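Written out below as structure tokens is the structure these notes cover.
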Amino acid sequence: MDASSAQSSQPQPTFAELYTPKFVTVLREGYGLDVFRADVVAGLTVAIVALPLSMAIAIASGTTPDRGLYAAIFGGFLVSLLGGSRFQIGGPAGAFIVLVAASMARHGIDGVLLATMIAGLILVAAGFLRLGTYIKFIPYPVTVGFTAGIAVIIFASQIRDLLGLTLAGKEPGELIPKLETLGRAIGTTNVAAVAISVATIAIIAGLRRLRPAWPGMLIAVVVTGAAAALLSLPVETIGTRFGGIPQSFPVPSLPVITLAKIQAVLPDAMAFALLGAIESLLSAVVADGMTGRRHRSNSELVAQGFANIGSALFGGICATGTIARTATNVRAGAHGPVSGMLHSAFLLVFMLVAAPLASYIPLAALAGVLAVVCW
């Protein structure tokens, strides 16, 4: 019997084997109190990492910080509940900053939400068409080059807040005009903002070396925020630019939907869906490599699709599997998807309880966080 005949004789996986969420699989294996405790610790650890990152990514994307939290809370919960990976953590990702910012400039927040919903539908369709199997054939150098290019563009978008520059007009979206505009404004550098951003980066780098288990990003944001408030430093904060973040979450609602609007945002939706598929499946592969487990790629795409639909319904930006937070989840001792669901629950509690404190966070501190992410 030749190889092709042997392959064709192998039984094809059933629908249940392809699309049963890992959450269901873990519950079938037996889920006790000790395992729950491990997931609580891991979920809390990841939530502490995700809190400043979610707000920073949303601000860099041209939206308000709460929309990043909504993506992590609602999108992240659905990724863990329905996904095909035991350890995947969903939420806003730095890779989307460039795409979301461009979509915001063209279509406004309603256009971004509609594009996110359409991207979700595309991802659900891709999963049921079993296209997740083919994502792995994208060459690794393409992914690395794409990610490196995004890092450069994200860093350029943070120069204004890193230096506390004052611009005469709107900051251009394109890289070269942006750098030219920022260069002309270099004389408006705010020394206090520079001190905050440098201190943020130094604290994160120092803790990574000396206390790698500590949540360096959150500690850096808390320390620099407290310093800015106590010393009355003249720096922009979440409160001064955005009026803070709401101490509640919105009622789910649909964005404005018309045929013309759908046609206008469809290219953005396609880009969101493609990047989301690549990012989430790469993250699942990383988790597999760290744990020896195997994810269900098509189930993961379906979950990512529903997560984006859910995020958009609550006003959140694009959600996808995030490599750094997923790796943190594994290292923190997570047992299964419950840790990811708890991460979203903890973020919701943080937002409801500590929203007033977020107003004091300097934008230079969040820019410092993203500068480390870019590096």
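The values are calculated or read from the model by the stated rules, or taken from the named source; none is laboratory data. As the structure is a computational prediction, the values presented were derived from the model and not from experiment. Note: ideal-geometry Cβ built from the backbone for every residue, glycine included; neighbour counts use all protein chains shown. These accessible areas exclude ligands, DNA and RNA; they are computed on the full protein's heavy atoms, side chains included. Shrake-Rupley method; radii C 1.70, N 1.55, O 1.52, S 1.80 Å.
Numbers for the structure displayed
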read-out: Out of Ala277, Ala284, Ala307, Ala327, sole residue that is in contact with an Asp or Glu (Cβ under 6 Å, 6 or more places away or on another chain), part of a helix (DSSP H, G or I) and either touching a residue at least 12 places away in the same chain (Cβ under 8 Å) or of a type in the set (Phe, Trp, Tyr) (or both); value: Ala284
read-out: Yes/no for Thr25 being among the polar types (S, T, N, Q) and open to solvent by 60 Å² or more (accessible area, probe 1.4 Å); value: no
read-out: Selection within the stretch 170-190 - more than 19 Å from Ile97 (Cβ to Cβ) and either within 27 Å of the chain's Cα centre (by Cα) or touching a residue at least 12 places away in the same chain (Cβ under 8 Å) (or both); value: Ala185, Ile186, Thr188, Thr189, Asn190
read-out: Given (1) within 25 Å of Gly43 (Cβ to Cβ); (2) in contact with a helix residue (DSSP H, G or I) (Cβ under 7 Å, 6 or more places away or on another chain); (3) open to solvent by 30 Å² or more (accessible area, probe 1.4 Å); (4) not in a loop (DSSP other than H, G, I, E, B), number of the condition Val194 does not satisfy; value: (1)
read-out: Subset of the stretch 133-167 (residues that are open to solvent by 80 Å² or more (accessible area, probe 1.4 Å), modelled with pLDDT under 80 and assigned to a loop (DSSP other than H, G, I, E, B)); value: none
read-out: Considering residues of the stretch 28-44 that are part of a helix (DSSP H, G or I) and open to solvent by less than 50 Å² (accessible area, probe 1.4 Å) only, the residue farthest from Val369 (Cα to Cα); value: Val35
read-out: Residue match in the stretch 340-350 (condition: free of Cβ contacts under 8 Å to residues at least 12 places away in the same chain and among the β-branched types (Val, Ile, Thr)); value: yes
